[in-house]
Number of protein chains: 2
Amino acid sequence: MRIVILGCGRAGAYLAGTLVTDDHQVTVVDKDNAAFARLGPDFAGMLVVGKGIDEDVLRRAGIEQADAFVAVTDDDNTNIMAAQVVREIFGVQRVICRIYDPLREEIYRTMGLETVCPTVLGVTKVREALSR
Amino acid sequence: MRIVILGCGRAGAYLAGTLVTDDHQVTVVDKDNAAFARLGPDFAGMLVVGKGIDEDVLRRAGIEQADAFVAVTDDDNTNIMAAQVVREIFGVQRVICRIYDPLREEIYRTMGLETVCPTVLGVTKVREALSR
């Protein structure tokens, strides 16, 4: 698959590395050049510097040919907005959006966005551990 | 169970709320008073202001009678250090520690710490979604 990842923080870099290993074509977008250092020296994907809510930046990242888009910047609002732009304007089939705030995650999930909430995932894991 | 939670960010507050609902005795520790606002006006647990790596603060939070301790501040190092202090010095049975950095999470898990890594959980969830 051709996958565009927005955000090269810990999650973005880790995800990009595993997806490249799984033989996907990966492009990582980040507004901060220095963030790409997290990918390591042998990263076999593409890099684009720019803001992920900017349509020109997304085009440069090949969003028009992408099969999937994953928004994992550290800002919930950026992820939500980028996910909506990519789904509504570029019509990408698989759009996944990280939202830290459990309340907003529930609202946007109800509205049809495919969301991942690490806060809820972590708390669920802790509760499982406590009940063992 | 008597549970001490260190860190009243999104995860800490969300966890505290669910554990109180499950009838646990919960004490939440945070160095920033304002963080407790996340718990809402009806929170039926105890609050302690202070740094969670400070033994006096932990004693005030009832760590000596605690059945479990969960470290979920936004700083990996604080969580790791607090978890080790609580396990080694206070001998608390269940100690769970959130670590965002997957590399450090693996190292400390190997060393016997019970860890939760939201980065890995989130990436696993995204990969599952992409493979559907």
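Just so it is clear, none of the values below were taken in a lab; they were calculated from the coordinates. Here the structure is a predicted model, which is why all the values come from computation and not from measurement. Ideal geometry is used to build each Cβ from the backbone, glycine not excepted, and the neighbour counts take in all protein chains shown.
When the helices (runs of 4 or more DSSP H) confined to the stretch B:63-132 are screened for residues that are within 13 Å of another protein chain (Cβ to nearest Cβ), touching a Leu at 6+ places or on another chain (Cβ under 9 Å) and surrounded by fewer than 23 Cβ atoms within 10 Å (Cβ to Cβ), those reaching at least 2 such residues are found at B:118-131.
For (1) touching a His at 6+ places or on another chain (Cβ under 8 Å); (2) farther than 30 Å from residue A:11 by Cα; (3) in contact (Cβ under 8 Å) with a residue 60 or more places away in the chain, each residue gets a yes or a no:
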residue	(1), (2), (3)
B:20	no, yes, no
B:47	no, yes, no
B:63	no, yes, no
B:71	no, no, yes
B:77	no, no, no
B:101	no, no, no
B:105	no, no, no
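Return a yes/no flag: does the stretch B:19-42 have any residue that is assigned to a helix (DSSP H, G or I), at the interface with chain A (Cβ under 10 Å from one of its Cβ atoms) and within 16 Å of residue B:96 (Cα to Cα). Within the stretch B:19-42, one or more residues are assigned to a helix (DSSP H, G or I), at the interface with chain A (Cβ under 10 Å from one of its Cβ atoms) and within 16 Å of residue B:96 (Cα to Cα). Whenever a residue of the stretch B:1-18 is facing chain A (nearest Cβ under 10 Å) and surrounded by fewer than 24 Cβ atoms within 10 Å (Cβ to Cβ), its partners that are of a type in the set (A, V, I, L, M) and not in a helix (DSSP H, G or I), lying with C-beta atoms within less than 6 angstrom and at least six residues away or across chains, give the pairs B:1/B:68.
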